[in-house]
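Here is the structure we will look at, set down as structure tokens.
Taken together, the values in this text are just the output of simple stated rules run on the coordinates, not laboratory data. All of these numbers come straight from a predicted model, not from anything done at the bench. A quick note on method: Cβ atoms are made from the backbone with ideal geometry, for glycine too, and the neighbour counts reach across all protein chains shown.
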Amino acid sequence: MGKKIFYKGLIFREFYFSGSLSCADLSERTGKSLPFTMKILNELILEGYVKESGFAPSSGGRRPVMYTLKPGTVYILSVAMDQLVTRISLMDIHHNHVTGIEKFELPLQKNLTALPALAEKMEEVIRNSGVDKKKIIGAGIGMPGFIDIKKGINYTFLDSDVNTVT
């Protein structure tokens, strides 16, 4: 079951960055076989996340069916941080803002409460959006400083003892 969830995540990612793709495109981009990709794609269609979006152009032969994520099914929380101010917005899978951009002061330098404050503000934006938290498939956080993405540590601004990703 864990592998299927992982591959569904890969497909969501490809749709997020590309919009509309054929099954063959998804197979190539994820490195999985065409039958396996079609199986996962069919599951996502049955679960209500994916829909057919038409046919791709063709220079000969049968035109491939294109697929895309259904609007309103999944969302991404977008967080942009600088040294003093943070901006948060909930976005749909097609890069549209669902909420306004929430801007608030959050100094990072020697601030041991920065992460709890950020988490609280993220929760607030989600709560105020009216979107079911289960529909949020990820958060993208951009922040300044030297960051170890494997360990989840920002060596420049946040105390590494309190910001390790678990």
Relative contact order as a percentage, region 1-99, C-alpha pairs under 8 Å and 6+ apart, gives 21
To make sure I understand the rule: partners must be lysines, Cα under 26 Å from the Cα of Lys8, and not fewer than 8 residues away in the same chain. Which ones qualify?
Lys32, Lys39, Lys51, Lys70, Lys133, Lys134, Lys135, Lys150, Lys151
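Can you give the FRET efficiency to the nearest 0.05 for Ala117 and His97, using r as the Cβ-Cβ distance and R₀ = 22 Å?
My answer for the efficiency is 0.50.
At 222 nm, what value in deg cm²/dmol follows for the chain if DSSP H runs of at least 4 each add -39500 (n - 2.57) and the sum is divided by all its residues, to the nearest 500? Each step should come with its number before you reach the end.
Working: 4 runs with 54 residues, N = 166.
That calculation yields -10500 deg cm²/dmol at 222 nm.
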Report the residues of region 1-41 in range of a label on Arg63: point 7 Å along Cα→C-beta, backbone N strictly under 16 Å from it.
20-23
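Take every DSSP beta bridge with both residues inside region 44-152 and express the antiparallel ones as a percent of the total, to the nearest 5.
Working: 17 of 23 bridges.
DSSP beta bridges in region 44-152 are roughly 75 percent antiparallel.
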